[in-house]
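For reference, the structure is listed below as structure tokens.
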Amino acid sequence: MKKIISIIAASAVSAAMSVSAFAVGMFSDLDDSRYDWARDNIERMADLGYITGYEDGTFKPDQNITKLECIALFARAMGSSDEANAEVLRQAHATYDDLISDYYLTWGQDEIVYMLYKGALTKSDLDTYIKDVKDEPMQRYEAAIIITKAMGGEEEALDEVAIDLEYLDVNDIPRNAMQYVNYVTNEGIMTGMDGNRFEPLSPVLRSQMATMLARVVDATEYEYISGKLMEINTENQTITIRDTSGDTTEYNYTDNTQFSIQGISTQLSSMIVNVNANITLSNGEVILVDATASEPDETITGRYQGYQLSGAGTVIKMIPNNSTDIEQYTCSESLSVTYEGSPATLRSFSTDDVITLELEDGLVVNVIGQEKTQVIQGAEVVSVNVGDQLTITISHAQEEYDGMTYPVSSDVTVRKNGVSSDMASLYPGDTISELELEYGEVTRIVASASTRTYQGTVQSVNISTESSMVVRVEGEDMSFVIPNDVTITINGEEGTLYDFRVGDVVTITTESGAITRIVSSGTTASEGRISGTVTSINTSYGFLRVLVDGSDTAETVFFRSSNVTVVTSAGVSQSVSDIEVGDVVDTRCTFSNGAYTAKLIIIEEDA
């Protein structure tokens with residue numbers, strides 16, 4: 001099935017954005033020449049079904065757009081309503097419905113779970129843009145963040161350290177949004193307002209959003225294909241897809257193509273064939289291959305008990321795992337058989353050998369066999385995956401083992417660095433001296449890891465189900481995964497990954513390719529003092545702008561609500577929520593890595 005962004009807006013979204021749709025050119029309030037700059041984009045996006053008008057025939061171009069409306073629009077630009085992504089949307093609901101139930105959405109559920117599935121939103125984003133604020137206006141700096149995520153540009157944006165924005169109000173852009181604003185500016189999606197000002201805190205208007213949306217659609221030209229992933233040819237860098245009509249098409253992928261299984265990013269070596277998959281192209285190039293099934297139509301592992309010929313064809317007899325009964329499975333005419341990694345026939349098997357059958361449309365298409373007990377030596381951990389079945393993926397110099405994923409027995413024995421351990425202590429890069437399998441399940445692992453300490457500067461932090469950090473050490477960028485139990489200490493206090501910014505100096509302790517401890521060790525903080533008039537404050541992102549006394553310069557002062565003391569000049573305890581624009585404040589700060597962080601804020605009172 002193949003469609004190129006032929007999106008029909010979900011009725012619930014349409015109801016929230018407006019009431020009913022009108023044909024292109026029939027928005028009565030766009031005749032004014034003030035809207036010449038936006039009219040074509042508004043009408044084109046309405047024609048595609050992204051946005052609609054109102055019952056009275058107006059578009060209301062100067063009306064604010066809400067945070068939820070903004071996210072929903074860009075979800076549709078990413079294909080949330082495309083027919084080819086129906087299975088993706090179903091799985092997105094299955095995965096995230098429980099999570100979003102806490103946000104009491106009356107519409108937009110499809111768009112939100114889709115963005116979560118695609119990795120464009122996180123739970124932290126839902127807390128920021130949806131929880132209690134979904135109907136509030138989307139500010140321009142927030143739109144820059146959402147657009148960057150929707151375009152899949154977050155990693156590229158955060159990798160950009162040297163930022164030189166020419167907006168006259170660049171100092172008003174929240175620090176955490178600077179790289180996103182830089183990205184959408186460079187991509188031509190958002191530009192300056194009158195007088196070359198970005199106006200980061202201004203609300204986004206419907207006319208502006210239509211224009212941004214049109215630019216994203218033009219820049220990405222997303223195309224979606226759904227079907228069955230039949231073959232991956234790593235030598236020619238091609239994938240073959242069979243669509244629902246039975247036609248097969250070959251597509252070229254590149255080194256930049258991302259691969260995932262049910263929305264979870266994975267390595268190409270972990271991808272499997274004979275499964276349903278969705279392909280995303282941008283400007284004709286394959287950018288994502290997502291296996292919407294984690295295994296073929298059906299996969300059965302058990303003990304081989306022989307085969308026989310019947311009128312229906314070849315029949316394999318086996319005892320499936322967790323069963324004592326012999327079952328029979330009819331083979332496809334195009335049966336593929338391998339034993340111990342080499343091409344074979346069914347005559348190669350002995351009774352009680354471990355076999356895995358891959359079925360398609362009820363017939364066995366692949367038989368993979370190995371001896372009952374198998375010991376693999378000289379492997380390396382790629383990942384440990386927690387799901388309905390705990391599995392481990394390894395890399396190996398021998399092709400038959402490289403990239404293989406094995407189920408792990410519930411009573412597996414793990415030893416690491418010579419002591420008893422568990423699966424949670426295995427990290428990517430750990431060396432496996434012995435991986436023992438019985439009937440295809442891992443029953444014993446002997447592993448080791450080298451512990452090292454590095455000092456460097458943070459280049460990027462990816463917070464997700466598999467978090468990671470890139471640290472520049474002596475001029476070289478090194479990437480590490482971050483386990484859930486990592487220990488983080490910042491300025492002698494317990495911290496979180498959300499506290500780190502690009503350029504922060506850190507000391508990390510690693511085991512193989514994983515960080516087990518992070519200690520901030522940035523440039524020594526000096527004492528500072530900023531006094532003046534508050535020109536803006538954002539308690540959600542923890543900063544205020546202060547026009548310094550006796551100058552025309554405004555400084556940004558960051559704060560953490562849990563670590564800052566706020567009092568009046570009379571000594572009355574206050575909180576950051578009590579600070580208002582126009583207040584005169586005296587802030588006592590630390591100055592580190594080019595930023596002021598408040599320890600004490602004194603609100604001056606009139607004498």
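Just so it is clear, none of the values below were taken in a lab; they were calculated from the coordinates. Small disclaimer: the values here were computed from a predicted structure and weren't measured. Because the Cβ atoms are built from the backbone with ideal geometry, glycine has one as well, and the counts that use them run over all protein chains shown.
Here are the numbers for this structure:
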item	result
Span per principal axis, largest first, for the Cα atoms of the chain (Å)	97, 65, 40
Under 16 Å from the Cα of residue 60 - aspartates and glutamates, other chains or at least 8 residues apart	29, 31, 32, 36, 40, 43, 69
For the range 528-536, 3J(HN,Hα) per residue [Karplus equation, 6.51 cos²θ - 1.76 cosθ + 1.60, θ = phi - 60°, Hz, x = Gly/Pro]	x, 8, 10, 10, x, 9, 6, 9, 6
Fraction of alpha-carbon pairs over 21 Å apart in the range 373-447 - percent	13
The range 526-603 shape via C-alpha gyration tensor axes, a/c threshold 1.5	rounded
Hydrodynamic radius of the range 25-155 per Kirkwood, over alpha carbon pairs, in Å	15.9
Local electrostatic count at residue 442 - Lys and Arg +1, Asp and Glu -1, tallied over other residues with Cβ under 12 Å	-4
Sequence-distant residues sharing a close amide H with residue 413 (under 5 Å, placed H)	444, 445
Ranked by how many other beta carbons lie within 10 Å on average, peptides 541-549, 570-578, 314-322 from highest	541-549, 314-322, 570-578
Modelled FRET efficiency - R0 30 Å, residue 455 with residue 282, Cβ distances, 0.05 increments	0.20
Length-normalised contact order for the range 268-425 - Cα pairs under 8 Å, 6+ apart - percent	16
Peptides 355-365, 445-455 ordered by average Cβ neighbours within 10 Å, highest first	355-365, 445-455
Förster radius 51 Å - calculated FRET efficiency between residue 247 and residue 538, Cβ distance, rounded to 0.05	0.45
Diffusion constant of the range 298-370 at 20 °C, which comes from Stokes-Einstein with the Kirkwood Cα-pair radius and 1.002 mPa s, µm²/s	179
C-alpha center-to-center spacing [the range 124-201, the range 335-370] in angstrom	53
Long-range amide H partners of residue 516 with built H, under 5 Å	509, 510, 511
Whether the range 451-520 is rounded, prolate or oblate, judged on the alpha carbon gyration tensor where a/c under 1.5 counts as rounded	rounded
Inter-centroid distance (Cα atoms) of the range 455-518 relative to the range 285-334, Å	43
Solvent-free Debye scattering, log10 I(q)/I(0), computed from the Cα coordinates of the range 222-291 at q = 0.14, 0.20, 0.27 Å⁻¹	-0.35, -0.74, -1.44
Reachable lysines, given that their alpha-carbon falls under 23 Å from the alpha-carbon of residue 118 and they are not under 8 places away in the same chain	2, 3, 67, 131, 134, 149, 228
Candidate lysines for bridging to residue 372, where Cα separation is under 20 Å - those fewer than 8 sequence places away on the same chain excluded	317
Overall Cα dimensions of the range 329-375 - principal axes, largest extent first, Å	33, 17, 16
